[in-house]
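Structure first, commentary second.
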Amino acid sequence: MTATSQTRRVIAAALVGTSLEWYDFFLYGSAAALVFNKLFFPTFEPLTGTLLAFLTYATGFVARPLGGIVFGHFGDRIGRRNVLVATLLLMGAATFAIGLLPGYATLGVAAPLLLTALRFLQGLGLGGEWGGAVLMSIEHGDPRRSGFNASWPQVGVPAGNLLAAGVLGIMSATLSEEAFLSWGWRVPFLLSGVLVVVGLWIRLRIVESPLFARVERAGAKARMPLVEVLRTHPRALLSAGLSRIGVDVAFYTFVTYILAYVTGPLGLERGVALNAVLIGSVFQLFLIPLFGALSDRVGRRPVYLAGATGAAVWVFAFFPLLDTRSFPLITLASVVALACHAAMYGPQAAFIAELFSTRLRYSGASMGYQVAGIFGGAPAPIIAIWLFDRFGGTVAVSLYVVAALAVTAVGLAMAPGPRDDAPHDGAPRPRDVGLPGAPGDLGGAGGAGDPGGDPGTRTGTASREA
């Protein structure tokens, strides 16, 4: 098999696997807005029930950093491929079990407790998934196309969201309210079992990352990857986390809170919001790789920052468009919002992965990416609901999104400079090339601008290290 064919197979495996895992994760978010408040928290008034449902939803974000720690450790110790298989199995099993879980009427308080536990397992699986999928795509591919290659696992987000919203939309449209709440909502969760089999078949056919194999042959694997990341890459870790927060807040406002807002305060049918998100996700399928490829030409940060700026402006048009109760205008709100998100999300994977050396990259990238979810995506729908209830309007919600996007801008600004001549920020820095230790990424652990790090160790495009 040629190198190009192998790269394509790896990217396809990453895309399919992440799509299935995000399908599972988003399915829960949609169900939290539409179903779980009624089935698992029926004794509370509607607003409180919805908040409690989103609290169980947030549990998955709390578990994601733990998944990043555990699976990141093994990804840097035993390889990327085997860890990706394990995360897919864990995520699929938890989602399938949610589809079988009885509600509050049958199990009482045990029902929401079990629901929370299964959501926690979902978060563990997803916490380990992202880093491995991105690294396999980068470390197998052409270094000149790292942004484009790394963007394909990112496409798994709209693909999974599209699949989840589509299946839920079909069930919602074809069933009565009573049938949907009784058993219809379970079908998408049970379908996860079939999809996992497909994902496993694809992932078991790919080979290990050549860069990890090189580290392994050299005997340069880190004994305690996370400890070493914290010691040698603190600035990179902080930059990765901060750059994620606004992206998460904006995204979960645009795709999750929209469901609660449209069906709650606006009093519209759930299909209106589901279909709008569905259409917006279709556009993202094409826009994410487009922006990833653009970042290979002009740099990661300019594209990333343009998306953040666009989202900060658009959020003030987003809610007024929803308030029109017009489906075409609600769809427009969703499409433009998710296009702005795509501009951030396309270059994000390569931006974060390139901050860390190969031997520590799974742990570093996973932690930087997943910890941000606790402060960004996890509380976003809850804070949005509270702000709307407290201030009686959506302006406060929009200001919250803008504040989070400002944090993202800070994270981008403080990122350590590239340690090769790749145009990560549009400013090649040849001074970082050829310094002592630069070719020695196998043993180096430091980061440019990281206290205590080896200033010559590169964090540039992963495949350059091959």
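The values are calculated or read from the model by the stated rules, or taken from the named source; none is laboratory data. Quick caveat: nothing in here was measured; it's all calculated off a predicted structure. Neighbour counts are summed over all protein chains in view; Cβ atoms, including those assigned to glycine, are modelled from backbone coordinates with ideal geometry. Keep in mind that these areas ignore ligands, DNA and RNA; they rest on the heavy atoms of the full protein, side chains included. Shrake-Rupley method; radii C 1.70, N 1.55, O 1.52, S 1.80 Å.
Residue count for segment 104-122, restricted to those that are over 19 Å from Gly72 (Cα atoms) and surrounded by 19 or more Cβ atoms within 10 Å (Cβ to Cβ): 5. Thr18: buried (at least 19 other Cβ atoms within 10 Å of the Cβ) and either assigned to a helix (DSSP H, G or I) or in contact with a Gly (Cβ under 9 Å, 6 or more places away or on another chain) (or both), yes or no? The answer is yes for Thr18.
Considering only segment 199-210, how many residues are open to solvent by 70 Å² or more (accessible area, probe 1.4 Å) and at pLDDT below 80?
3
If you go through segment 38-91 and keep only what is assigned to a helix (DSSP H, G or I), of a type in the set (Ser, Thr, Tyr), over 19 Å from Gly199 (Cβ atoms) and in contact (Cβ under 8 Å) with a residue 40 or more places away in the chain, you end up with Thr50, Thr56, Tyr57, Thr59. Here segment 239-250 is the region considered, the condition is being open to solvent by less than 10 Å² (accessible area, probe 1.4 Å) and not charged (D, E, K, R), and the residue that is farthest from Ile288 (Cα to Cα) is Ser239.
Could you list all residues from segment 282-291 that are open to solvent by less than 10 Å² (accessible area, probe 1.4 Å) and β-branched (Val, Ile, Thr)? The answer is Ile288, and nothing else.
Of the numbered criteria (1) over 24 Å from the mean Cα position of the chain (by Cα); (2) surrounded by fewer than 21 Cβ atoms within 10 Å (Cβ to Cβ); (3) among the hydrophobic types (A, V, I, L, M, F, W, C), the one Val227 fails is (1).
Within segment 95-103, none of the residues are open to solvent by less than 10 Å² (accessible area, probe 1.4 Å), part of a helix (DSSP H, G or I) and over 17 Å from Val187 (Cα atoms).
For segment 145-158, does any single residue satisfy the condition of being under 22 Å from Val277 (Cβ atoms) and open to solvent by 40 Å² or more (accessible area, probe 1.4 Å)? The answer is yes, given that some residue of segment 145-158 is under 22 Å from Val277 (Cβ atoms) and open to solvent by 40 Å² or more (accessible area, probe 1.4 Å).
Let's see how each residue does on (1) more than 17 Å from the chain's Cα centre (by Cα); (2) modelled with pLDDT of 85 or more:
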| residue | (1), (2) |
| --- | --- |
| Ala31 | yes, no |
| Ala53 | yes, no |
| Thr59 | no, no |
| Ala63 | no, yes |
| Gly67 | no, yes |
| His73 | yes, yes |
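Taken over segment 262-278, the criterion of being open to solvent by 10 Å² or more (accessible area, probe 1.4 Å) and within 10 Å of Ile330 (Cβ to Cβ) is satisfied by Leu266, Leu268, Val272, Asn275. Set side by side, the residues Ala213, Ala236 differ, and just one is small (Gly, Ala, Ser), surrounded by fewer than 24 Cβ atoms within 10 Å (Cβ to Cβ) and assigned to a helix (DSSP H, G or I), which is Ala213.
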